[in-house]
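Novice: Below: one structure in structure tokens.
The values are calculated or read from the model by the stated rules, or taken from the named source; none is laboratory data. From a predicted model like this one, the values you see are computed outputs, not experimental measurements. In this analysis, Cβ positions are derived from the backbone assuming ideal geometry, glycine residues included, and neighbour counts consider all displayed protein chains.
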Amino acid sequence: MFEMNRYVLGLCLGLAAISAGAHDEPQIEKELWWSEAWWNEGVIEAPRNYEVVVEEHNYESDGVTIPAMLARPKQAGKFPAVLFQHGRRGLDDLIRRHVRRLAARGFVVLAPDIYQAHFIGTHPIEHDYALEKDVNRGVDALLSRQDISSDRICLYSHTRGGYYTLKVATTFGRQKSDVACYVSYYPHLQDPNAPEPLQVYGFAGEVEQLEIPVLVFIGEQEQYQRRRVIESSIESLQKDGKPAHLIVYPGVGRGFDFRPESVRTFADELASKDAIQRAADFMRRHLRAD
């Protein structure tokens, strides 16, 4: 009886440990947030701010005209290049504000509206694989500009845009020479047409093909199925020794970067400002921009 009780006790303790481990918060690498200058000298890195100009831009993709928003600093000169890919919302007014905020950090930002190009409404359920090539063509359109200072670009996205840009980097092979880094807010890192079990418990095979530096932002209150996939994706890349980083913001959930004033919280604001500044520093470093 004693042996049986000891076995049951051990089993219970083991299950409790596994259960507790399943809910552990991921540890953010200290290098992503620690500042010796701030800690020792009180130095706060000031963000770069540029007045922004916006123009409507078009490029061709297999006979289809792709409308795009082009935002860049008003100041004369060349700036590093970023391709911003929208998610299921499309390129609506809230997302266009994010494009402007990114350009205000000192980038030439091209944001294709691939749904408008194909008369697709907002929040589509099924994924149209043909649209991936339109995003890929955006890389060519951006690299052909004369006002960019970088010979490569960074991919920047959110939600389903994260899957489009993942495919551009891997399936289209752009990470080999044209793309320097991958940045995304709560990205969809699974084929949107995959069956439900894969949406919850797996990630797209293309994730493991990533070789470029990766930076992903999510909120602590992100949807379980999306958070699980993102965390397992980053963990897989890190285990392979690849430069992949995940930042989890406490007190916020999905959409913290664009939630409107009527529902916006102080935590959303803090997370948004911190994320875009960290993303800008990350991209400048990998685009080798001053």
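Novice: Taking the condition free of Cβ contacts under 8 Å to residues at least 12 places away in the same chain, under 25 Å from Arg96 (Cβ atoms) and out of contact with any Leu (no Cβ under 6 Å at 6 or more places or on another chain), does Glu269 pass? Let's see the steps before the verdict.
Specialist: Details: free of Cβ contacts under 8 Å to residues at least 12 places away in the same chain: yes; under 25 Å from Arg96 (Cβ atoms): yes; out of contact with any Leu (no Cβ under 6 Å at 6 or more places or on another chain): yes.
So Glu269 fits the description; yes.
Novice: Pairs under 9 Å by beta carbon, first residue within 29 Å of Arg137 (Cβ to Cβ) in the stretch 44-61, partner part of a strand (DSSP E or B) and charged (D, E, K, R), six or more apart or different chains?
Specialist: Cβ pairs passing all conditions: Tyr50/Arg72; Val52/Arg72; Val53/Arg72; Val54/Arg72; Glu55/Arg72.
Novice: Does at least one position in the stretch 79-87 carry a residue that is part of a loop (DSSP other than H, G, I, E, B), surrounded by 10 or more Cβ atoms within 10 Å (Cβ to Cβ), within 18 Å of the chain's Cα centre (by Cα) and touching a residue at least 60 places away in the same chain (Cβ under 8 Å)? Walk me through it before giving the result.
Specialist: Applying the first criterion (part of a loop (DSSP other than H, G, I, E, B)) to the stretch 79-87 yields 86-87.
Going one step further and asking which of them are surrounded by 10 or more Cβ atoms within 10 Å (Cβ to Cβ), we end up with 86-87.
If we keep only those that are within 18 Å of the chain's Cα centre (by Cα) too, we end up with 86-87.
So of that shortlist, the ones also touching a residue at least 60 places away in the same chain (Cβ under 8 Å) come out as 86-87.
Looking for residues that are part of a loop (DSSP other than H, G, I, E, B), surrounded by 10 or more Cβ atoms within 10 Å (Cβ to Cβ), within 18 Å of the chain's Cα centre (by Cα) and touching a residue at least 60 places away in the same chain (Cβ under 8 Å), one finds at least one in the stretch 79-87, hence yes.
Novice: Spot the failing condition for Glu220; the list is (1) touching a Gly at 6+ places or on another chain (Cβ under 8 Å); (2) closer than 27 Å to Ala71 by Cβ, and only one is missed.
Specialist: (2)
Novice: Okay, moving on. Exactly one of these conditions fails for Asn136: (1) farther than 20 Å from Asp62 by Cβ; (2) of a type in the set (S, T, N, Q); (3) over 16 Å from the mean Cα position of the chain (by Cα). Give me its number.
Specialist: Among (1) farther than 20 Å from Asp62 by Cβ; (2) of a type in the set (S, T, N, Q); (3) over 16 Å from the mean Cα position of the chain (by Cα), Asn136 violates only (1).
Novice: Before we move on, is Leu189 in a loop (DSSP other than H, G, I, E, B), crowded, with 18+ Cβ neighbours inside 10 Å and not aromatic (Phe, Trp, Tyr)?
Specialist: Working: in a loop (DSSP other than H, G, I, E, B): yes; crowded, with 18+ Cβ neighbours inside 10 Å: yes; not aromatic (Phe, Trp, Tyr): yes.
Yes: the conditions hold for Leu189.
Novice: With the condition kept exactly as written, say whether any residue in the stretch 194-202 is among the polar types (S, T, N, Q) and in a loop (DSSP other than H, G, I, E, B).
Specialist: So the first thing to find is which residues in the stretch 194-202 are among the polar types (S, T, N, Q), and the list is 199.
If we keep only those that are in a loop (DSSP other than H, G, I, E, B) as well, we get none.
Scanning the stretch 194-202 turns up no residue that is among the polar types (S, T, N, Q) and in a loop (DSSP other than H, G, I, E, B).
Novice: Mind checking which residues of the stretch 149-166 are farther than 17 Å from Thr122 by Cβ, surrounded by fewer than 22 Cβ atoms within 10 Å (Cβ to Cβ) and not acidic (Asp, Glu)?
Specialist: Once the filter is applied, which keeps residues that are farther than 17 Å from Thr122 by Cβ, surrounded by fewer than 22 Cβ atoms within 10 Å (Cβ to Cβ) and not acidic (Asp, Glu), the stretch 149-166 yields Ser149, Arg152.
Novice: Continuing with this model, one more query. Would you check which residues across the stretch 221-262 are assigned to a loop (DSSP other than H, G, I, E, B) and closer than 23 Å to Asp191 by Cα and list them?
Specialist: Across the stretch 221-262, the qualifying residues are Gln221, Glu222, Gln223, Asp240, Lys242, Pro243, Gly253, Arg254, Gly255.
Novice: Can I ask one more? Just wondering, is there one or more residues in the stretch 109-127 that are among the acidic types (Asp, Glu), surrounded by fewer than 21 Cβ atoms within 10 Å (Cβ to Cβ), more than 18 Å from Tyr164 (Cβ to Cβ) and out of contact with any helix residue (DSSP H, G or I) (no Cβ under 6 Å at 6 or more places or on another chain)?
Specialist: Looking through the stretch 109-127, none of the residues is among the acidic types (Asp, Glu), surrounded by fewer than 21 Cβ atoms within 10 Å (Cβ to Cβ), more than 18 Å from Tyr164 (Cβ to Cβ) and out of contact with any helix residue (DSSP H, G or I) (no Cβ under 6 Å at 6 or more places or on another chain).
Novice: Which residues, counting only those in the stretch 35-78, are assigned to a loop (DSSP other than H, G, I, E, B) and closer than 22 Å to Val179 by Cα?
Specialist: Looking only at the stretch 35-78, we keep the residues that are assigned to a loop (DSSP other than H, G, I, E, B), and these are 35, 42-51, 62-63, 74-78.
Hits for the stretch 35-78 are Asp62, Gly77, Lys78.
Novice: Taking Gly90 as the residue in question, decide whether it is on the phi > 0 side of the Ramachandran plot and in a loop (DSSP other than H, G, I, E, B). Give the derivation first.
Specialist: Working: on the phi > 0 side of the Ramachandran plot: yes; in a loop (DSSP other than H, G, I, E, B): yes.
In short, yes.
Novice: Can you find a residue in the stretch 98-113 that is more than 23 Å from Phe282 (Cα to Cα), part of a helix (DSSP H, G or I) and at pLDDT 95 or above? It would help to see each step written out before you state the result.
Specialist: Narrowing the stretch 98-113 to residues more than 23 Å from Phe282 (Cα to Cα): 113.
This time we only want the ones that are part of a helix (DSSP H, G or I), so: none.
No, every residue in the stretch 98-113 fails to be more than 23 Å from Phe282 (Cα to Cα), part of a helix (DSSP H, G or I) and at pLDDT 95 or above.
Novice: Can you give me the number of residues within the stretch 159-186 that are in a strand (DSSP E or B) and of a type in the set (A, V, I, L, M, F, W, C)?
Specialist: Within the stretch 159-186, the subset in a strand (DSSP E or B) is 179-185.
Next, from what is left, pick out any that are of a type in the set (A, V, I, L, M, F, W, C): 179-181, 183.
Final tally of qualifying residues: 4.
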